[in-house]
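*Asks:* Dumping the structure here so I can ask a few things about it.
The values are calculated or read from the model by the stated rules, or taken from the named source; none is laboratory data. Since this is a predicted model, take the numbers as computed values, not measurements. With ideal geometry, Cβ positions are generated from the backbone for all residues, glycine too; neighbour counts draw on all protein chains shown. Calculation scope for accessible area: heavy atoms of the full protein, side chains included, ligands and nucleic acids excluded. Shrake-Rupley method; radii C 1.70, N 1.55, O 1.52, S 1.80 Å.
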Amino acid sequence: MMTSSEVLLEIENLYTAFIEPEGTLEALENVSFKVFQGEFICLIGPSGCGKSTLLRTLAGLLPPSKGEVRLRSTPIKGPERAAGLVFQQPMLLPWRTVAENIALPLELRGQSPAERQQRVAELLEMVGLTGFETSYPQLLSGGMAQRAAIARALAQNPEVLLLDEPFGSLDALTRERMAAALLELWQQLRRTVVMVTHSVEEAALLADRVVVLSSRPGRIIHIIPVRLARPRDPNLLLDPSLQSVVRELRQALKQGESPDNGRKPSPKT
Amino acid sequence: MGWHNKKINGQQHPSPLLYLLSLGLVLLLWQGALLALEDSARRFILPTIAEVVTRFLKLLGDGSLVRHTGITLLEMGLGLALGTGTALVLGYAVAHSRFLAHLLEPIIVTSQAMPIVALAPLLAIWFGPGLVSKVLVCALIVFFPILVNVSSGLNHIDTGFQQVFRLLEATRWQRFRWLEVPATLPAFLTGLRVGGTSAAMGAVVGEFVASSAGLGYLVKQGQNLYDTPLMFVAILTLTLLALATYGALGLIERQVLKWRCIGKT
Ligand SMILES: Nc1ncnc2c1ncn2[C@@H]1O[C@H](COP(=O)(O)OP(=O)(O)OP(=O)(O)O)[C@@H](O)[C@H]1O
Ligand SMILES: [Mg+2]
């Protein structure tokens, strides 16, 4: 457990509701947890339970209706540069090359081309895209595009990397490779990560702790520590020790699905 | 078959040889029509190719063709600049202010339905037979396709991209410079190509209504004097002008939007 290390993010009694013409839609209810420096957190939960909402709140894109989110004890009040968010879609600008896309955060901060070039080369190397700097994103495979998106998020040197189902749109094999690459990247960087995923295997392989949310409105039903030794190896996916974590996560997820089927998309409350 | 498909979807450019072939076809039809017409009648309505070429060279030699073309070009250019500038400013305003959008939308829709050329006589009364009235007709014709394209282009920027820029705490200027301009450029250039090509029409209509120079004036003059070779020369020059505008804008589009052709199959 990482209790000894410093608290990076503190989510306290977070309640988020969307006011719609048809009524109020509660997305998150009473969510509280802490994220420690250098920790890898996975968020899992039924579809529509508010995982993206939670991540957007952590990025400062969405103000909480009630409660508070603090980064190093300072409440997050607006878009937060210390948080690097990667969406389910890579969201690379099609008129910029891979290198130019990764350089965007640096450019907006007014770094000189020379400074940028060096940093971009490092980042490309980090995500294994060296040699693709002058390619346009349209030419990249889904997995490569998503790695470029991760590199762009890392370019701003965020204290916490927020990943919203970054591999959701990839095929199973690529997805597994990406998870392995992310594992290696994280073990190298030791950056704090909060990642939403639908795959319990991915969560078990990558996370230090898995936060399990109930169906909407999302409440935390479990925070499950993954007691698998670090550094981990992607081959662990086949290991019985990981399989038992996976079983545990599945069990927890089942509990969170309310009997009257919370997955109904009906926005009425 | 493959050739045909390529030509229709506009991805591949037909070879110059084909242009020559279609030109030859037109000249052949022309010559055929001359033969079919009676000798007395054809003098008035259809000049021979040789007559047109001779007239063209003569007008070119005494500098009058250049002068008239220059005037029409000036009207087109100023109209294009004025129409584009106004459309860009208003397009941006409409896309960013709900109030302005609601205020201007009915006006824009109504004026889009209005045939602009019908305004030309009115503009001639208001602004006289000089340069201004033609520039205004051109500008109005250019204005709407660009305005519509730009404001809808701005409105359709992916919200994901906008969140990326918000997250990076981009300033308004940065968002404009790095997101809105490049994202809207394709739509803008489409509008510009449509508008730019019809700018020639605006200038000619303006000159028809009231003028003392310009290619439209030459056409009108030719009509009054039954001088069909003159009309042919002026019309062909106008066509070349519009084609050149279209070609130049297309070239700019390909240069600026290189990224767009990539990855498209
Ligand atoms: N901006 C918004 N306005 C109104 N309702 C919203 C908004 N964003 C999300 N919601 C609603 O909040 C609920 C939670 O959405 P959210 O996207 O956070 O779920 P999720 O857990 O990420 O789902 P998924 O697994 O499908 O990605 C959904 O019912 C959604 O319709
Ligand atoms: Mg989501």
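*Asks:* Quick one: if the Förster radius is 51 Å, what FRET efficiency do residue B:223 and residue B:103 give, using the C-beta to C-beta distance and rounding to 0.05?
*Replies:* E between residue B:223 and residue B:103, to the nearest 0.05, is 0.70.
*Asks:* What is the dipole size for chain B, taken about its Cα centre, with +1 at each Lys and Arg Cβ and -1 at each Asp and Glu Cβ, in debye to the nearest 20?
*Replies:* So the magnitude is around 680 debye.
*Asks:* Identify the trypsin sites (Lys or Arg not before Pro) of the range A:111-220 meeting these criteria: DSSP loop state and at most 13 other C-beta atoms within 10 Å of the C-beta.
*Replies:* A:190
*Asks:* What percentage of all Cα-Cα pairs in the range B:48-264 are separated by more than 30 Å?
*Replies:* Tail of the P(r) past 30 Å holds 35 percent of the pairs.
*Asks:* Output wanted: per-residue J couplings in Hz (rounded whole) for the range B:139-153, from phi through Karplus 6.51 cos²θ - 1.76 cosθ + 1.60, θ = phi - 60°, x for Gly and Pro.
*Replies:* These are the phi-based 3J(HN,Hα) values: 4, 5, 5, 6, 4, 5, x, 6, 4, 5, 5, 5, 5, 6, x Hz.
*Asks:* How large is the charge dipole for the range B:187-265, taken about the Cα centre, if only the Cβ atoms of Lys, Arg (+1) and Asp, Glu (-1) carry charge, to the nearest 20 debye?
*Replies:* 520 debye
*Asks:* Report relative contact order for chain A in percent, whole number only (criteria: Cα-Cα under 8 Å, sequence separation at least 6).
*Replies:* 26 percent
*Asks:* A further question on this structure: Near the amide H of residue A:196, under 5 Å away, which other amide H atoms are found, from residues 5 or more places off or on another chain, if H is placed in the peptide plane?
*Replies:* Sorted by chain and number, the residues that satisfy this are A:43, A:163, A:164, A:165.
*Asks:* Hey, another quick one. How large is the accessible surface per residue of the range B:148-265, computed with a 1.4 Å probe and reported in Å² as a whole number?
*Replies:* Heavy-atom accessible area per residue stands at 49 Å².
*Asks:* Would you work out which of A:203, A:249, A:217 lies farthest towards the positive end of the dipole of the range A:150-269? Charges go on Cβ: Lys and Arg +1, Asp and Glu -1.
*Replies:* The residue sitting most towards the positive pole is A:217.
*Asks:* Given N residues in the protein assembly as shown, what is its alpha carbon radius of gyration divided by 2.2 N^0.38 Å?
*Replies:* That ratio works out to 1.35.
*Asks:* Counting protein heavy atoms only and a 1.4 angstrom probe, how many square angstrom of accessible surface do chains B and A bury in total, to the nearest 100?
*Replies:* Summing both chains' loss of accessible area gives about 2200 Å².
*Asks:* Also, I was wondering about something else. Counting only protein heavy atoms and a 1.4 Å probe, tell me what percentage of the protein assembly as shown's accessible area is made up of carbon and sulfur.
*Replies:* For the protein assembly as shown, the apolar C and S fraction of the accessible surface comes to 61 percent.
*Asks:* Need one number: % antiparallel among DSSP beta bridges in the protein assembly as shown, to the nearest 5.
*Replies:* 55 percent
*Asks:* Helix by helix, which DSSP H runs in chain A go 18 Å or more along their axis at the Cα atoms and have an average Kyte-Doolittle hydropathy of -0.5 or more?
*Replies:* A:142-155, A:172-189
*Asks:* Shifting gears a bit: Tell me what chain A gives for mean residue ellipticity at 222 nm when only DSSP H runs of n ≥ 4 count, each as -39,500 (n - 2.57), the sum divided by the residue total, rounded to 500 deg cm²/dmol.
*Replies:* Result for chain A, helices only: -10500 deg cm²/dmol.
*Asks:* Evaluate the relative contact order of the range B:48-264 (contact order divided by residue number), counting alpha-carbon pairs under 8 angstrom at least 6 apart; express in whole percent.
*Replies:* 27 percent
*Asks:* On the first, second and third principal axes, largest extent first, how far apart are the outermost C-alpha atoms of the range B:121-186 in Å?
*Replies:* If we take the Cα atoms of the range B:121-186, the spans are 55, 19, 15 Å.
*Asks:* Fully extended, how many nm does the chain gain between residue A:30 and residue A:141 (0.36 nm per residue separation, minus their Cα-Cα distance)?
*Replies:* Here the answer is 36.0 nm.
*Asks:* Please give the FRET efficiency for residue B:125 paired with residue B:212, using the beta carbon to beta carbon distance and R0 = 25 Å, rounded to the nearest 0.05.
*Replies:* The formula returns an efficiency of 0.90 here.
*Asks:* Pull out the extension gain between residue B:54 and residue B:110, defined as 0.36 nm times the separation in residues minus the alpha carbon to alpha carbon distance; nm, one decimal.
*Replies:* Stretched out fully, the residue B:54 to residue B:110 stretch lengthens by 15.5 nm.
*Asks:* What percent antiparallel are the DSSP beta bridges of chain A, to the nearest 5?
*Replies:* 55 percent
*Asks:* Go ahead and estimate [θ] at 222 nm for chain B from helices alone: -39,500 (n - 2.57) per DSSP H run with n ≥ 4, summed, over the residue count, rounded to 500.
*Replies:* -26500 deg cm²/dmol, from helical runs alone.
*Asks:* Taking the Cα centre of the protein assembly as shown as origin and charging only Cβ (+1 Lys, Arg; -1 Asp, Glu), how large is the dipole, in debye to the nearest 20?
*Replies:* Using Cβ point charges on Lys, Arg, Asp and Glu, the protein assembly as shown gives about 160 debye.
*Asks:* Straight-line reach from residue A:66: which aspartates and glutamates have a Cα under 16 Å away, not including same-chain ones fewer than 8 places off?
*Replies:* A:10, A:12, A:26, A:29
*Asks:* Next up: Round to a whole angstrom and tell me the spacing of the C-alpha centers of the range B:197-246 and the range B:34-94.
*Replies:* Value for the Cα centre distance between the two parts: 4 Å.
*Asks:* Just grab the label-to-label distance for residue A:227 and residue B:166, each label 7 Å out from Cα along the Cβ direction, in nm (one decimal).
*Replies:* Taking the two extended label points, one gets 4.2 nm.
*Asks:* Could I ask something else about it? Which residue, A:40, B:252, B:99, has the largest displacement toward the positive end of the dipole of the protein assembly as shown when charges sit on each Cβ (Lys, Arg +1; Asp, Glu -1)?
*Replies:* B:252
*Asks:* I would also like to ask the following. Contour minus end-to-end for residue B:118 and residue B:173, with contour as 0.36 nm per residue of separation and end-to-end as the Cα-Cα distance?
*Replies:* 15.8 nm
*Asks:* Take residue A:19 and residue B:251, extend 7 Å from each Cα along the Cα→Cβ direction, and tell me the distance between the two endpoints in nm.
*Replies:* Placing both labels 7 Å along Cα→Cβ, they lie 5.7 nm apart.
*Asks:* Quick one: compute a quarter of the convex hull surface over the Cα atoms of the range B:31-159 and quote it in nm².
*Replies:* In nm², the orientation-averaged hull projection of the range B:31-159 is 13.0.
*Asks:* Let me ask you something else. Give, to the nearest whole percent, the P(r) tail of chain A beyond 24 angstrom, counting all Cα pairs.
*Replies:* 50 percent
*Asks:* In the range B:161-178, which residues become less accessible by 20 Å² or more once every protein chain is in place, relative to the chain on its own, using a 1.4 Å probe?
*Replies:* By number: B:161, B:163, B:164, B:165, B:166, B:167, B:168, B:169, B:174, B:178.
*Asks:* Here is a further query. Take every Cα-Cα pair in the range A:90-157 and report what % of them are more than 19 Å apart.
*Replies:* 18 percent
*Asks:* While we're looking at this one, here's another question. Which loop-located trypsin sites (Lys or Arg not before Pro) does the range A:1-77 contain, where loop means any DSSP state but H, G, I, E or B and the Cβ has at most 15 other Cβ atoms within 10 Å?
*Replies:* Taking the range A:1-77 and a limit of 15 other Cβ atoms within 10 Å, the loop trypsin sites (Lys or Arg not before Pro) found are A:72, A:77.
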